[in-house]
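Engineer: Okay, handing you the structure first.
Nothing in this text is a laboratory measurement; each read-out follows from the coordinates by a stated rule. Quick caveat, the model's predicted, so the values are computed rather than measured. Methodologically, a virtual Cβ is constructed for each residue, glycine included, from the backbone with ideal geometry; neighbour enumeration extends over all protein chains shown.
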Amino acid sequence: MPPAPPGGLGRQARAWVTRMRNLRPAAGPDAPAIALRDPWPGDPARGARLVKGEMEFGGAVLPVHHDVFAGAAGATRMLRAHLHGFTWLRDLRALGTDAARSRARAMALDFIDTPKPEPTAYAPDAAGARLASWLGHYDFFAASADDDFRQALMSRMVQDARTLAAALPAEFLDGRALTGLKGLVAASVAMPDHVPYLSRALKFLLPELARQFYPDGCHVERSPAAHLLALRDMTEMRALLQAGGKAPPAELVTAIEHAAAALRALRHGDGGLALFNGSKEELPGLVDLVLAQAGRARGALAPLKPSGLFRLAAAKSVLLMDAGLPAPPMLDRFAHAGTLGFEFSFGKDRLVVNCGAAPALAGDWAQLLRGTAAHSTLIIADTSSSEIRETGLGHRPRNVHVAREDTGGVAWIEASHDGWADSFGAIHHRRLGLAEHGEELQGEDLIESTTPQPFVIRFHLHPNVTASLAQDGETVLLRAPSGLGFRLRAEGAAPRIESGVYFGQAEPRRAEQIVLPGHQDGPQHIKWWITKA
């Protein structure tokens, strides 16, 4: 992976000079030189909730009051960045009422008048998102406002753009760096006489593109949600450059094409995203819109081998598996302990899933959802395969071996990881095979250890799937919302059905899970099958 961007004394000196310049009121333009339009849809229900004083994002709710920008006590960093990024203007625009427009103006003015916003407000991702959002929604909430409001808004954008330009290259190594660059591109295109930083933004964009993506086009955070956001940022930058009469760099065009192909490979049959590493399903219409903006990639789907997110598809079946090393430090903000976890869908029915995520939520739930037990995989002694920390992962697998082969009409993924090597002296081996007719998924789980280990294998079910134990006590019957039936049976363990929870959609839902219990004094090798009835 390319090295981290440079920083140090140069960035500090630029920041000091910028602070000195910003002590004097910045003379902003009367209005943007080019009218920009934010291309993404909002949620009117969220907009209505915001008008009433509540901001919902990422599974968390933040009360909105007059001094909220001074510091949202108790909120996670992700929720505070969303607040200061103003991307929620989309929700108010989708609502479209006078009350929504008034709320947008009031909150923008509150931010401008806050003497000391908390540090998150000046971070490149929040500042970049705010610049792009203010400019992209200018016609909605600012164009018809009074002169004082518009002048204060334009002046603040000039100050924020100066601060953002001085902060480059962004200290963030993950997708937040792209959001910062997008904001500077937007400000430079819309206010070229006051924000002459387009060449600086492009200077740092090109190496960032090389560092942000694997050769297969998948984003380095190995999160479908982060991948979707990175692709959105890139397509916006391309559109902004075109609006300003600038030809997008060839490297940006190529990165968009590769990332679009990878995004298509990270979808289930219902059009939503796989739930790995901090992701939710997302609305299929939004994913379609992002791909339409990117320009649909043609030909075969990206194989995703370098990133370790594998996909097998046969007839109507899709199998997605996390068979790679977790994202490295500084890139693991969304990383889960879900190594060798998988998801399985048939047509538009999601059957086996992971539990999803609530990355903006503070407290135990956010951490529990990142643990191994919240994923459809094996877990030893109720201990996660990676150490969950608030800002990423601690101890994690050092080696993940994976091979893919097609034999006897079955496509196989065979993988292993050593996440429990230090704690239990154990290696987890998993073999998954999808028949070419798509109606049977075969699995094997094996623990390699000198000392037998207690373990369970979990199959988290989508909340729309119902499960019942057959009379033989050895088979679980699954009923999908389409009416199709499936059977799960195992060799070496008696299945049981337990309650579960699902955070893959806007609101948490109750769900069920199938558990195959392994015992320390029993076999360390279990075979299982999921077959269409």
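Engineer: Enumerate the whole-percent occupancy of each 20 Å bin, from 0 to the last occupied one, for all C-alpha pair distances of the chain.
Structural biologist: Histogramming the chain at 20 Å steps yields 22, 52, 23, 3 percent.
Engineer: Can I ask one more? Label region 13-166 by shape, choosing from rounded, prolate and oblate, from the square roots a ≥ b ≥ c of the eigenvalues of the Cα gyration tensor; if a/c is under 1.5 it is rounded, and otherwise prolate applies when a/b is larger than b/c, oblate when it is not. Numbers along the way, then the final one.
Structural biologist: Values: a/c = 1.77, a/b = 1.23, b/c = 1.44.
Note, shape of region 13-166 comes out oblate.
Engineer: Relative to the longest principal Cα axis of the chain, at what angle does helix 124-136 sit, 0 to 90 degrees, rounded to 10?
Structural biologist: With rounding to tens, the tilt is 70 degrees.
Engineer: If I model a spin label at W529 and I497 as a point 7 Å from the Cα along the Cα→Cβ vector, what separation in nanometres do I get?
Structural biologist: 2.1 nm
Engineer: Taking 8 Å as the Cα distance limit and 6 or more residues as the minimum spacing, I'd like the relative contact order of region 1-175 as a percentage.
Structural biologist: With pairs under 8 Å counted, the relative contact order is 35 percent.
Engineer: With the contact rule set at Cα under 8 Å and sequence spacing of 6 or more, what percent relative contact order holds for region 258-405?
Structural biologist: Across region 258-405, relative contact order equals 23 percent.
Engineer: I would also like to ask the following. About the Cα centre of region 309-532, how large is the charge dipole given +1 on each Lys and Arg Cβ and -1 on each Asp and Glu Cβ? Please answer in debye to the nearest 20.
Structural biologist: Here region 309-532 has a charge dipole of around 580 debye.
Engineer: So what is the relative contact order for region 445-511, in percent, with contacts set as C-alpha pairs under 8 Å and at least six apart?
Structural biologist: Rounded, it is 25 percent for region 445-511.
Engineer: Near K532, within a Cβ-to-Cβ distance under 14 Å, what is the net charge of the other residues, with Lys and Arg +1 and Asp and Glu -1?
Structural biologist: Local net charge: 0.
Engineer: What does the extension gain come out to for D148 and L469, with contour length at 0.36 nm per residue minus their alpha carbon separation?
Structural biologist: 108.8 nm
Engineer: Using unit Cβ charges (K, R positive; D, E negative) and no other charged atoms, how large, in debye to the nearest 20, is the dipole of the chain about its Cα centre? Walk me through the numbers on the way to the answer.
Structural biologist: Working: 57 positive and 57 negative charges, 264 e Å.
Computed about the Cα centre, the dipole is about 1260 debye.
Engineer: Turning to a different aspect of this structure: What do you get for the angle between helix 198-212 and the principal long axis of the chain? Use alpha-carbon atoms, 0 to 90 degrees, nearest ten.
Structural biologist: Taking the Cα atoms of the chain, the angle to 198-212 is about 10 degrees.
Engineer: Still on this structure, please answer the following. Please name which of V220, P481, F111 has its Cα lying farthest along the dipole of the chain towards the positive end, using unit charges on Cβ (Lys, Arg +1; Asp, Glu -1) and the Cα centre as origin.
Structural biologist: Among V220, P481, F111, the one farthest towards the positive end of the dipole of the chain is F111.
Engineer: Less than 11 Å Cβ to Cβ from F140, Lys/Arg counted +1 and Asp/Glu -1: what total charge do the surrounding residues give?
Structural biologist: Value of the local net charge: +3.
Engineer: Zone of R37 (label point 7 Å along Cα→Cβ, backbone N under 16 Å): which residues in region 59-90?
Structural biologist: 90
Engineer: May I pose another question? What residues from region 27-65 fall in the zone where the backbone N is under 16 Å from a label point 7 Å along the Cα-to-C-beta line of L286?
Structural biologist: 38-50, 55-61, by backbone N distance to the label point.
Engineer: If you don't mind, there's one more thing I want to ask. To the nearest 10 degrees, how steeply does helix 9-22 sit against the main Cα axis of the chain, on a 0 to 90 scale?
Structural biologist: 50 degrees
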